[in-house]
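Colleague: Attaching a single structure in structure tokens format; questions to follow.
A short reminder: the numbers here are calculations on the coordinates, not readings from a lab. For clarity, every value in this text was computed on a predicted model and none was experimentally measured. Positions of Cβ are backbone-derived with ideal geometry, glycine not excepted, and every protein chain shown enters the neighbour counts.
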Amino acid sequence: MLKKEAISNGAENRSAIAVAGHKFRTKNISKRVQKIVISPIKEMSILADQLQEETGADIISFGQGIPYFDTPQHIKEAIKNSLADIDTAKYTLEPGITELRELIAKDLEKRKGILDIQSKKEIMVSVGCQEAVACAISAIIDEGDEVLLFSPGFASHIEQTIQFGGMPKFVAIDEEKGWKINFEILEKNVTAKTKAILFSNPSNPTGSVFSEEEINKLADFAIKNDLIVICDETYDFLVYDNVKHFSPASLPKMRDRVILCSSFSKRYAMTGYRVGFAFADEGIIDHMLKVHDALVICAPAISQRAAIAGLSGPQDSVSEFVEKLSQNRDLMCQKLDELKDFFEYQKPMGAYYILAKYKNLPFGQNLVSRYARNKLSETCGERSRTINSFELALKILREACVITIPGAAFGPNGEGHLRFSFAGSPQEIEEGFQRLSSWLHFKSK
């Protein structure tokens with residue numbers, strides 16, 4: 001594994017690779033980049049790959065959210081056909097293929113009730129949702145501006161905010177009530193430097209789905225405080241138990257201050273194609289396009305063709321995906337219930353993640369490094385009495401050969417938790433929890 005050395009640069013308490021002992025170069029590296037880390041969601045896969053190479057271990061992943069099913073056949077056929085078109089080998093228009101932007105506008109109108117969208121002026125096709133969010137943050141904030149982030153919240157939103165000179169302002173959400181917004185805490189975190197609020201809905205990592213009432217209240221909060229709302233709605237199609245997804249972009253009063261970012265990665269099982277989009281007021285899109293152009297020029301033409309096929313073709317596969325993932329959710333909840341002495345959780349209503357709180361683990365401070373104990377004492381108070389989520393996730397990887405994601409990756413209120421993805425196959429869920437159960441009970445002896 002990575003060599004254990006001293007750690008510097010201040011980002012070590014957000015990096016699984018740093019906790020594993022890797023020392024990052026600082027010479028000739030900008031202070032801005034030294035402040036950010038690779039998302040621990042991806043770091044755990046990198047560490048698992050190293051472990052597999054060194055030991056030949058067979059790894060089960062509850063880590064990165066990659067659906068186990070394949071891209072629908074009609075999309076694959078469209079990709080094959082597009083290879084015969086010479087334009088597929090060329091740049092597209094910088095904001096995206098016109099047909100795709102028109103289809104996105106129609107889809108937003110049909111599913112979210114957003115009316116009068118100017119597809120050529122208010123929609124930008126991006127390299128996945130993550131690039132859309134990066135363009136949004138870059139266009140909105142200046143050095144030292146604050147961005148409100150729900151905690152726990154998506155790990156990459158933290159790094160993107162820091163990357164563009166912003167200050168993440170973590171706002172705790174209410175775990176006991178199903179990870180709901182606490183508006184009293186939200187109000188207390190607004191300052192003169194606050195410029196935006198950024199969140200995913202349905203939420204990665206909690207699986208919570210904010211209600212229409214919550215979104216309306218959040219919209220009023222944004223208007224009152226003159227904030228831009230950046231919402232990552234990658235999982236908007238993936239909700240359970242007849243829960244309804246509601247977008248702030250559906251509210252006319254938010255039209256000039258909301259940036260809706262989304263992706264085709266999960267909806268059509270296209271994570272590797274890297275294509276998403278942003279919808280916002282023309283005046284905002286104008287500036288986002290500057291960043292988009294400087295970063296990537298345009299999304300890959302072949303991926304845009306795949307997205308066109310997805311939106312224009314049959315949607316049966318989407319319903320099938322939701323059904324399969326609903327069954328996976330119930331299976332993982334069952335497996336966690338069987339380990340109720342070690343975990344407790346809030347049942348997710350959307351996405352495909354469970355953020356489980358660990359408890360009564362058969363080990364404690366003896367497994368936590370002095371450095372980690374000091375850091376936890378500074379940031380988490382009483383939580384320093386239990387094992388750091390980074391060290392726990394690394395221990396599970398090395399000893400049980402199962403990837404989980406440390407809760408601290410998702411902000412300070414994620415500490416004391418592990419994120420489990422149920423995007424894998426049912427067989428992987430069964431095998432992964434068999435390993436985890438055997439490991440926990442062996443440690444308990």
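Colleague: For the stretch 315-352 and the stretch 237-313, what is the centre-to-centre distance using only Cα atoms, to the nearest Å?
Modeller: 25 Å
Colleague: Which listed residue (Q160, N13, M44) has the Cα farthest towards the positive end of the charge dipole for the chain, taking +1 on Lys and Arg C-beta and -1 on Asp and Glu C-beta about the Cα centre?
Modeller: With unit charges placed on the Cβ atoms, the residue in question is N13.
Colleague: Then there's this: Tell me, how many Å apart are the Cα centres for the stretch 391-417 and for the stretch 99-131?
Modeller: Their Cα centres are 36 Å away from one another.
Colleague: Could you list the trypsin sites (Lys or Arg not before Pro) in the stretch 80-169 that lie in coil according to DSSP, counting only those with at most 12 other Cβ atoms within 10 Å of their Cβ?
Modeller: K90
Colleague: Could you give the length gained by full extension between E77 and Q50, i.e. 0.36 nm per residue of separation minus their alpha carbon distance, to one decimal place?
Modeller: 6.2 nm
Colleague: Also, I was wondering about something else. If you take all C-alpha pairs in the stretch 161-291, what percent of them are over 25 Å apart?
Modeller: Counting pairs separated by more than 25 Å, the tail of P(r) holds 27 percent.
Colleague: Order by neighbour count: S30, S45, S265, fewest other Cβ atoms within 10 Å first, most last.
Modeller: S30, S45, S265
Colleague: Would you compute, from DSSP H runs of 4+ residues alone, the mean residue ellipticity of the chain at 222 nm, taking -39500 (n - 2.57) per run and dividing by the full residue count, rounded to the nearest 500?
Modeller: -13000 deg cm²/dmol
Colleague: With log10 I(q)/I(0) by the Debye sum over Cα atoms at q = 0.09, 0.10, 0.12 Å⁻¹ defined as stated, name the option among [x] -0.75, -0.86, -1.03; [y] -0.57, -0.71, -1.05; [z] -0.68, -0.79, -0.99 computed from the structure displayed.
Modeller: So the calculated entry is the one marked [y].
Colleague: What does the net charge come to around Q52 if you take all other residues with beta carbon closer than 12 Å to its beta carbon, with K and R at +1 and D and E at -1?
Modeller: That works out to -3.
Colleague: Now for a separate question. Under a crude label model (7 Å from the Cα following the beta-carbon direction), how far is D337 from K359 in nanometres?
Modeller: A separation of 1.7 nm, rounded to one decimal place.
Colleague: Where a Cα-Cα gap under 22 Å defines reach, which lysines qualify for K253, not counting those fewer than 8 residues away within the same chain?
Modeller: Qualifying lysines at Cα under 22 Å: K106, K110, K112, K120, K121, K195, K217, K224, K244.
Colleague: When M288, M167 are ordered from fewest to most other Cβ atoms inside 10 Å of their Cβ, what list results?
Modeller: Starting with the residue having the fewest Cβ neighbours, the order is M167, M288.
Colleague: At a Förster radius of 30 Å, what calculated FRET efficiency corresponds to the Cβ-Cβ distance of S30 and D286, to the nearest 0.05?
Modeller: 0.60
Colleague: Stokes-Einstein at 4 °C, 1.567 mPa s, Kirkwood radius from Cα pairs: D for the stretch 255-303 in µm² s⁻¹?
Modeller: The estimated diffusion coefficient comes to 108 µm²/s.
Colleague: Please rank L83, L361, L108, fewest neighbouring Cβ atoms within 10 Å first, as an exposure proxy.
Modeller: L83, L361, L108
Colleague: Something else: Just check the stretch 73-312 against the gyration tensor rule for me: Cα atoms, a ≥ b ≥ c as the square roots of the eigenvalues, rounded for a/c under 1.5, and otherwise prolate or oblate depending on whether a/b exceeds b/c.
Modeller: prolate
Colleague: So how strong a dipole does the chain carry about its Cα centre when Lys and Arg Cβ are +1 and Asp and Glu Cβ are -1, to the nearest 20 debye?
Modeller: 1280 debye
Colleague: Which lysines does K335 reach when only Cα atoms under 26 Å apart count, and residues fewer than 8 places away in its own chain are ignored?
Modeller: Excluding near neighbours in sequence, the set is K42, K177, K180, K266, K324, K347, K357, K359, K395, K443, K445.
Colleague: Under a 10 Å cutoff between Cα atoms, tell me which one of V229, V243, V147 has the largest fluctuation in the Gaussian network model of the chain.
Modeller: V243
Colleague: Something else about it: With both partners inside the chain, how many of the DSSP beta bridges are antiparallel, as a percent to the nearest 5?
Modeller: Within the chain, antiparallel bridges account for around 50 percent of the total.
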